[in-house]
Amino acid sequence: VRVRDHEAVEELPMGQQIQVDWGEITVKNQGKKPVKLYFITFVLSNSRYKYVEWLDRPFTTRDTIRCHEKAFQFFGGIPKEIVYDQDHLITVSENAGDIILTGEFQAYKQERGFRIYLCRK
């Protein structure tokens with residue numbers, strides 16, 4: 001049995017942090033056939049206010065960046081820090097504790113100026 005480590009996060013000021021995660025779910029369409037849907041969620045750490053986008057196909061890094069922009073527009077700004085699980089859409093690998101981001105996401109992070117906190121695998 002594998003137990004997932006987690007811990008409570010202390011109360012953070014508004015605008016400090018947002019948490020981002022991806023997921024998938026299988027639902028039945030109108031014809032009762034199973035269909036897989038994919039989503040990305042953004043949750044403000046202070047207020048727990050949420051933004052979600054859905055796709056009928058797996059996300060790409062470009063989709064991920066587009067969704068970040070729409071979430072920032074929805075929330076009215078860019079947080080100082082974004083927390084992610086390690087995901088292949090934004091990370092290439094972990095090298096002795098250093099996280100290597102995909103080229104496209106690294107350029108986006110630098111352009112927008114937010115910090116990243118990646119949860120360990």
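Which percentage, to the nearest 5, of the DSSP beta bridges contained in the chain is antiparallel?
Of all bridge pairs located within the chain, approximately 70 percent are antiparallel.
Once you charge only the Cβ atoms, +1 for Lys and Arg and -1 for Asp and Glu, what is the size of the charge dipole of segment 59-109 about its Cα centre, to the nearest 20 debye?
That gives a dipole near 280 debye.
Along each of the three principal axes of the Cα atoms of the chain, give the extent in whole Å, ordering the values from largest to smallest.
45, 35, 33
Between Tyr38 and Arg62, what is the spin-label point distance in nm, taking each point 7 Å from the Cα along the Cα→C-beta axis?
1.3 nm
From the Cα trace of segment 24-75, what convex hull volume per residue do you get, rounded to a whole Å³?
So the per-residue hull volume is 91 Å³.
Taking the dipole about the Cα centre of the chain, with the C-beta of Lys and Arg at +1 and of Asp and Glu at -1, give me whichever of Ile90, Met14, Asn29 is farthest to the positive side.
The Cα lying farthest towards the positive end belongs to Asn29.
I want to check a number: in the chain, how many lysine pairs have alpha carbons closer than 19 Å, given a sequence separation of 8 or more or different chains?
6
Magnitude of the Cβ-charge dipole of the chain, K/R +1 and D/E -1, about the Cα centre, nearest 20 debye?
Dipole size: approximately 580 debye.
What is the helix-to-structure angle for 103-112, meaning the angle in degrees between its Cα long axis and the longest Cα principal axis of the chain, kept from 0 to 90 and rounded to the nearest 10?
Result, in degrees: 60.
Can you give the angle from 0 to 90° between the axis of helix 61-75 and the longest principal axis of the chain, with both taken from C-alpha atoms, to the nearest 10?
Result, in degrees: 70.
Taking H placed 1.01 Å from N in the peptide plane, check which residues at least 5 places from Thr102 or on another chain put their amide H under 5 Å from its amide H.
It is Thr91, Val92, by chain and number.
Taking R0 as 30 Å, what's the FRET efficiency between Glu69 and Gln30 from their Cβ-Cβ distance, rounded to 0.05?
It comes to 0.40.
Laboratory data are not the source of any read-out in this text; all were calculated from the coordinates shown. Here the structure is a predicted model, which is why all the values come from computation and not from measurement. FYI the Cβ positions are ideal-geometry reconstructions off the backbone, even for glycines, and counts take in every protein chain you see.
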